[in-house]
Amino acid sequence: MIVLKATQTQFNALDGYRNGDNLLKFAKDGNDNWIVGTAVLNDSAFAAIHDQLNQLERITYVPVPEPEL
Amino acid sequence: MALGLGIGVYWATNLAGGGGGFDADYQAVLDQSTSFGYTVPSAAQQTLQNTLVTDLKTAGVWDKLDVFYCFATDGDSDFATLNWKAPSSHQVTKVSSPTFTANEGFTGNASSAYLDTNYNPSNDAINYALNAASFGFFISDLGTFTTTSISDFGAPDVVNRAWYRRSSNRFYINSSGYTFVTAYTANTFVHANRNGSNNAQVYHNGTLVDSPTNVSTGIPPLNFNAFKRSGIFAESTLGVAFVGGDLSSESSDFHDAIDTYLTAL
């Protein structure tokens, strides 16, 4: 699965972007990268930031280790 | 003439409640959608959804709900975020673009997408209580992502949890400890319930499948969400979700109302 990876600077600029009932939030992958799914690129709710989202690096998703209970 | 007037008055005051001949609470959902500029469901589906609301009322479910979401709709994805129980509060936030499919609902992406109900039972509960609580969902697809830590819908990221942990089948409802229960499969209306400090129930499609002796320890102090537990994200598809008070006596009728609606789509 391909996801979008943000640098810390990109994360700071984009994380928390809101448009109505839509919110952009990055998650951590198994390598501690900030990532978000590629569906945000086709979501009209995020049209205003598509140019910035398209600059994110495409990487293969690394699953998060099982959390402690 | 007199008969016609009488029927008209009866309809207006006892049946309709709203401007479109619908139950007043369902009309409020449509009105909220219109005020926000959302796309409401087709006329045929509005009738089905109105029937769903009246069925839930007849079953005694409606008054015991705190939030109710009907994701399976041919309205748009924004309409699907409305809380039918109180359309002006606890609207779902679509976080990082979960996929919306008409008449099916929302699907997670196994990496970052989820639904935040903005309903925190510690602060927002009306019927949900420590020893009288329920939450649940209709799940049509489990997705392909597998781990033992999946949450399809719940409040799992705290000590006192509301979580029907998929794969490992650990069950929590207002509890820090878990009890093993029966796994659910796709196309199941899952209803987790508590009606006592040591009495919980698990219903699948309105049928009691487990009665775990799960001790209550506290109400989760965070929002219910779909598809997210800590950094683990589900890829399942949900058509309905709810949180409320004790619904152990209404579970079968609750399922029947949901099933009638979903089957008609």
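Rg and Dmax of the stretch B:32-168, both derived from C-alpha coordinates alone, stand at 15.5, 45 Å. Pairs of lysine residues in chain B that meet both criteria, 8 or more places apart or on different chains and Cα atoms under 19 Å apart, total 4.
Using Cβ point charges alone (K and R +1, D and E -1), the dipole size of the stretch B:125-201 about the Cα centre works out to roughly 180 debye.
Working note: Cα atoms of the stretch B:116-197, range along each principal axis, descending, whole Å: 35, 24, 21.
A Förster radius of 25 Å, combined with the Cβ-Cβ distance separating residue B:34 from residue A:50, puts the computed FRET efficiency at roughly 0.30. As a check on your grasp of the helix formula, calculate [θ] at 222 nm for the protein assembly as shown: sum -39500 (n - 2.57) over DSSP H runs of n ≥ 4, divide by the residue count, round to the nearest 500. For the protein assembly as shown, the value works out to -6000 deg cm²/dmol.
How high is the relative contact order of chain B, in percent, with contacts defined as C-alpha pairs under 8 Å that are six or more residues apart? Don't skip to the end; give the middle numbers.
On the way: 653 pairs, mean separation 60.1, N = 265.
Reported relative contact order: 23 percent.
Taking the Cα atoms of chain B, the ratio Rg/Rh between the radius of gyration and the Kirkwood radius comes to 0.99.
The value of relative contact order for chain A, using C-alpha pairs under 8 Å at least six residues apart, is 42 percent.
For the stretch B:87-239, the Cβ-based charge dipole about the Cα centre amounts to some 260 debye (Lys, Arg positive; Asp, Glu negative; other atoms uncharged). So which aspartates and glutamates can residue A:28 reach, going by Cα to Cα under 17 Å and dropping same-chain residues fewer than 8 places off? Leaving aside aspartates and glutamates fewer than 8 places away in the same chain, those within reach of residue A:28 are A:15, A:57, A:66, A:68, B:157, B:235. Taking the centroid of alpha carbons for each part, the stretch B:213-265 and the stretch B:141-175 are 11 Å apart. Across the stretch B:112-128, computed HN-Hα scalar couplings (Karplus, 6.51 cos²θ - 1.76 cosθ + 1.60, θ = phi - 60°) run 7, 8, 7, 10, 9, 6, 6, 10, 10, x, 5, 10, 10, 5, 10, 9, 5 Hz from first to last residue, x flagging Gly and Pro.
Expressed as a fraction of 2.2 N^0.38 Å, the C-alpha radius of gyration for the protein assembly as shown is 1.02. Which residue, B:162, B:21, B:37, has the largest displacement toward the positive end of the dipole of chain B when charges sit on each Cβ (Lys, Arg +1; Asp, Glu -1)? About the Cα centre, the residue reaching furthest to the positive side is B:162.
Using the Cα gyration tensor of the stretch B:173-232, with a ≥ b ≥ c the square roots of its eigenvalues, what is the shape: rounded (a/c below 1.5), prolate (a/b larger than b/c) or oblate (neither)?
Working: a/c = 1.89, a/b = 1.04, b/c = 1.81.
Oblate, because a/c is 1.5 or more while a/b does not exceed b/c.
Quote the charge dipole size of chain B about the Cα centre in Debye, to the nearest 20; the model charges only the Cβ of Lys and Arg (+1) and of Asp and Glu (-1). Mind dumping the intermediate values first?
Working: 11 positive and 22 negative charges, 143 e Å.
Dipole of chain B, to the nearest 20 debye: 680 debye.
Rule-based calculations on the coordinates, nothing more; no lab input. Remember, predicted model here, so these are calculated numbers, not experimental data. Positions of Cβ are generated from backbone atoms using ideal geometry, with glycine treated the same way; all protein chains shown enter the neighbour counts.
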